[in-house]
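Engineer: The following block contains the structure, expressed as structure tokens.
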Amino acid sequence: EPGHIDPRHDLVRRALPAETCRAELSGHSKDGRPLVTDIHMVPFMHRGEPHALAIARDVTERKAAEEKLRASEEQYRAIFNAAADSIVLRDAEFHIVDVNLAYEAMSGRRRHEVLGRQNLTMSSPELNAHVRNLHGRAVRGEPVRFEARASRKSGEIFDIEVRGVPIQHRGAPHVLYIGTDVTARKRAEADRTQLEAQLRQAQRMEAIGHLTGGIAHDFNNILEGTLGNLSLAAERQEELGDPRLGKYLDRARHSAQ
């Protein structure tokens, strides 16, 4: 195109006055295959005249691999930060390699504050030994899980459920720790347990109410019979004219009533 400078010519132009230069150039091979070459241009004198020696290397495959890795890491980062749960990536020695945005929001700690740390950042330090043991199992390929009381940087306490998933990251074993705030769920479970206990208590009281009502009904029938017989006995007492017997019958009728 008019005004367009061929980059290869530009490299030669720069090298002739004794400047060593280098560039990666894209193009196509004779058969039409995309090609990326790493060109190292070296100035030197040949037969008393300045020349430029071009050393070219085909880096097409390397560039494709780098691009694939870059795209993969961009996708990883997008998914990593889009997750609603806290995610902490640790290496085999338990160092924090990465954290996502949800971790920062949940813990109140910034990424740069925790990178490289080799201890727990939200759970109680007393859990360190237990979690390190779980970490060893996870590095060997076993998914792990634990629940703990956790604290934000502000000091607020909450309940967390953590799952450890073994993964390969950049060719080395790592563990991805996924943390979920289960405070609301724990509270709901406690409320449900309390409601269930109250329901069982109400059911017991209802059963006792039915039992006592039945007993009262049975006693009422017995006492009605007793009062009826006392009335009949009182009528016979009048015929006998025994005042002491009448007094006993009156006491018995009063108690029954």
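The values are calculated or read from the model by the stated rules, or taken from the named source; none is laboratory data. Computed from a predicted model, the values in this text were never measured in an experiment. So basically every Cβ, Gly included, is an ideal-geometry build from the backbone, and we count neighbours across all protein chains shown. Ligands, DNA and RNA are excluded from the accessible area calculation, which covers all protein heavy atoms including side chains. Shrake-Rupley method; radii C 1.70, N 1.55, O 1.52, S 1.80 Å.
For every residue, the table says whether it meets (1) modelled with pLDDT under 85; (2) open to solvent by less than 50 Å² (accessible area, probe 1.4 Å).
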residue: I167; (1), (2): no, no
residue: V175; (1), (2): no, yes
residue: T183; (1), (2): no, yes
residue: K186; (1), (2): yes, no
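Engineer: Next question. Quick one: would you say E61 is at pLDDT 95 or above and out of contact with any Leu (no Cβ under 9 Å at 6 or more places or on another chain)?
Structural biologist: no
Engineer: Follow-up question, since we're still on this one. What is the residue count in the range 175-193 for residues that are of a type in the set (A, V, I, L, M) and not in a helix (DSSP H, G or I)?
Structural biologist: Counting residues in the range 175-193 that are of a type in the set (A, V, I, L, M) and not in a helix (DSSP H, G or I) gives 4.
Engineer: Just to be sure before I move on: is R70 out of contact with any strand residue (DSSP E or B) (no Cβ under 8 Å at 6 or more places or on another chain) and either at pLDDT 75 or above or assigned to a helix (DSSP H, G or I) (or both) in the structure I sent?
Structural biologist: On the way: out of contact with any strand residue (DSSP E or B) (no Cβ under 8 Å at 6 or more places or on another chain): yes; either at pLDDT 75 or above or assigned to a helix (DSSP H, G or I) (or both): yes.
Criteria met by R70.
Engineer: If we scan the range 135-146, do we find a residue that is touching a residue at least 40 places away in the same chain (Cβ under 8 Å) and touching a His at 6+ places or on another chain (Cβ under 9 Å)?
Structural biologist: yes
Engineer: Out of all the residues in the range 113-121, is one or more touching a residue at least 40 places away in the same chain (Cβ under 8 Å) and among the small types (G, A, S)?
Structural biologist: Within the range 113-121, none of the residues are touching a residue at least 40 places away in the same chain (Cβ under 8 Å) and among the small types (G, A, S).
Engineer: Output the residue which, of all residues in the range 73-85 that are of a type in the set (A, V, I, L, M, F, W, C) and open to solvent by 50 Å² or more (accessible area, probe 1.4 Å), is modelled with the highest pLDDT.
Structural biologist: Taking the range 73-85 and keeping what is of a type in the set (A, V, I, L, M, F, W, C), we get 78-80, 82-84.
Of the ones still in play, those that are also open to solvent by 50 Å² or more (accessible area, probe 1.4 Å) are 78-79, 82, 84.
Working: A78: 72, I79: 73, A82: 76, A84: 86.
Looking at the filtered set, the residue picked out is A84.
Engineer: Does A18 count as farther than 30 Å from N128 by Cβ and either part of a strand (DSSP E or B) or open to solvent by 40 Å² or more (accessible area, probe 1.4 Å) (or both)?
Structural biologist: Judged against the criteria, A18 is a match.
Engineer: When residues of the range 44-67 are filtered for being surrounded by 10 or more Cβ atoms within 10 Å (Cβ to Cβ), in a helix (DSSP H, G or I) and not basic (K, R), how many remain? Let's see the steps before the verdict.
Structural biologist: Kept after step one, since they are surrounded by 10 or more Cβ atoms within 10 Å (Cβ to Cβ), are these residues of the range 44-67: 44, 50-60, 62-67.
Those still in the list that are in a helix (DSSP H, G or I) too: 60, 62-67.
With not basic (K, R) added as a condition, the list becomes 60, 64-67.
So the count comes out to 5.
Engineer: I need every pair where a residue in the range 204-224 that is closer than 25 Å to R253 by Cβ has its Cβ under 8 Å from the Cβ of a residue that is open to solvent by less than 80 Å² (accessible area, probe 1.4 Å) and assigned to a helix (DSSP H, G or I), sequence separation at least 6 or different chains.
Structural biologist: As it stands, the answer is L223/A256, since those pairs meet every condition given.
Engineer: Which count do you get for residues in the range 125-165 that are open to solvent by 40 Å² or more (accessible area, probe 1.4 Å), of a type in the set (G, A, S) and either modelled with pLDDT under 90 or in a helix (DSSP H, G or I) (or both)?
Structural biologist: 1
Engineer: Here is a further query. Just one of G246, G241 is of a type outside the set (V, I, T), modelled with pLDDT under 85, in contact with a helix residue (DSSP H, G or I) (Cβ under 8 Å, 6 or more places away or on another chain) and farther than 30 Å from V88 by Cα; which is it?
Structural biologist: Numbers: G241 fails: in contact with a helix residue (DSSP H, G or I) (Cβ under 8 Å, 6 or more places away or on another chain).
Criteria check complete, one pass: G246.
Engineer: Still on this model: Please state which one of E238, E196, E224 is acidic (D, E), touching a Gly at 6+ places or on another chain (Cβ under 9 Å) and assigned to a helix (DSSP H, G or I).
Structural biologist: Just one listed residue meets the conditions, E238.
Engineer: Checking M41 against (1) under 30 Å from R170 (Cβ atoms); (2) of a type outside the set (F, W, Y); (3) open to solvent by less than 70 Å² (accessible area, probe 1.4 Å); (4) modelled with pLDDT of 80 or more, which single condition isn't satisfied?
Structural biologist: Every condition holds for M41 apart from (1).
Engineer: If I go through the range 86-102 residue by residue, how many of them are at pLDDT 95 or above and part of a loop (DSSP other than H, G, I, E, B)?
Structural biologist: Of the residues in that region, 4 qualify.
Engineer: What are the pairs with Cβ atoms under 6 angstrom where one residue, in the range 71-96, is under 24 Å from L120 (Cβ atoms) and the other, located anywhere, is of a type in the set (A, V, I, L, M, F, W, C) and surrounded by fewer than 13 Cβ atoms within 10 Å (Cβ to Cβ)? Sequence gap at least six, or different chains.
Structural biologist: I96/L115
Engineer: Looking at (1) open to solvent by 30 Å² or more (accessible area, probe 1.4 Å); (2) without any contact (Cβ under 8 Å) to a residue 12 or more places away in the chain; (3) not in a helix (DSSP H, G or I), can you tell me which one R109 breaks?
Structural biologist: (2)
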